[in-house]
Amino acid sequence: MFQLLFALCLIWGFNFVVMKTANEYFSPELFVTLRFILGASILFAYASIRKLHLPKREFWIWIAITGALQISIGAAIVQTCFKYLSAGLVSVLNYTMPLWVIILARIFLGEPLTKKKIIGIVTSILGVAILMNVDISGDIFGVFLAILGAIVWAASNVITKKKLAKCDPTALTTWQMIFGAIFLAVYTFGFVENHVDWSFIGIACLAYNGIIASALAFFLWIYILEHMEAGKASISVLGVPVVGVIGGVLILGEPFTISMAIGMLMVLSGIVLVQHS
């Protein structure tokens, strides 16, 4: 099982390098739209072949809302961040999501804030503060944008936990992606001036994102959750931003300083504390 988790971390972590590269060939909105149209098509075909039941009527509005948050808004924000920040930094900031889940769950679900959670949140926020004050070879606006993307992702997860806990995970993710792709398509093709370079690398980036990082990785994640404790699996995927950082340095030649290392380590340490509390 840990081999599958390792593979998943490699897939999702390397995807930050791929998404950063994709901005050279697509406008961010167009790339995200095409990525999820491709991923949603694969998931829908799988659901049709397996003849999976449609979600119950009371779930549809919440599936649409979470699809809009997580896919349409959240993914578009993250893809835009690559215009301002390194792939490694975006990956770490994106994975602050568990911190915002804890805070939002306290506000909207009444979940308790333990001392361990508070220490974890403070540690990670201090780590983010360090990242904001180092030479990030980018724009501070990108840092706030990446954090906003993590908050949107967290909001979607809190809604899912409160309103969609009894929904089949395969059907849930499939229809979230379908709704998200539809909303993205309406916005992208109706209101955005897009550019695209259908080169080999551009097509490869799209294929990797849609087929491997979206569809295949989803099947891996569902299989892992079915055969492993959710808490352990959640902690293990913190390897994703680590792969993102290493990939950005080795493949894209991104800078990596001692200050950045300290900030990233504090962020990830805080998240581990939160998820172990």
For region 228-241, state whether one or more residues are assigned to a helix (DSSP H, G or I) and modelled with pLDDT of 90 or more. yes
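Scan region 258-267 and give yes if some residue there is assigned to a helix (DSSP H, G or I) and closer than 28 Å to Ala181 by Cα, otherwise no.
Residues of region 258-267 assigned to a helix (DSSP H, G or I): 258-267.
With closer than 28 Å to Ala181 by Cα added as a condition, the list becomes none.
No; the residues of region 258-267 include none that is assigned to a helix (DSSP H, G or I) and closer than 28 Å to Ala181 by Cα.
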Those residues of region 195-210 which are closer than 16 Å to Ala75 by Cβ and not hydroxyl-bearing (Ser, Thr, Tyr), in sequence order: Cys205, Leu206, Asn209, Gly210
When both residues are 6+ apart or on different chains and their Cβ atoms are under 7 Å apart, which pairs have a first residue that lies in region 18-40 and is modelled with pLDDT of 95 or more, and a second that is acidic (Asp, Glu)? Tyr25/Asp197
Lys56 - would you say it is surrounded by fewer than 19 Cβ atoms within 10 Å (Cβ to Cβ) and free of Cβ contacts under 8 Å to residues at least 60 places away in the same chain? no
Looking at (1) surrounded by 19 or more Cβ atoms within 10 Å (Cβ to Cβ); (2) modelled with pLDDT of 95 or more; (3) out of contact with any Phe, Trp or Tyr (no Cβ under 6 Å at 6 or more places or on another chain), which is the only condition Ala185 fails? (1)
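Per-residue answers, yes or no, for (1) in contact with a Ser or Thr (Cβ under 8 Å, 6 or more places away or on another chain); (2) among the β-branched types (Val, Ile, Thr):
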site	(1), (2)
Ile77	no, yes
Cys81	no, no
Leu99	yes, no
Lys116	yes, no
Ile119	no, yes
Ala150	yes, no
Lys161	no, no
Asp168	no, no
Ala171	no, no
Can Glu193 be described as touching a residue at least 40 places away in the same chain (Cβ under 8 Å) and assigned to a loop (DSSP other than H, G, I, E, B)? yes
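The values are calculated or read from the model by the stated rules, or taken from the named source; none is laboratory data. Keep in mind the model is a prediction, meaning the values are calculated, not measured. Because the Cβ atoms are built from the backbone with ideal geometry, glycine has one as well, and the counts that use them run over all protein chains shown.
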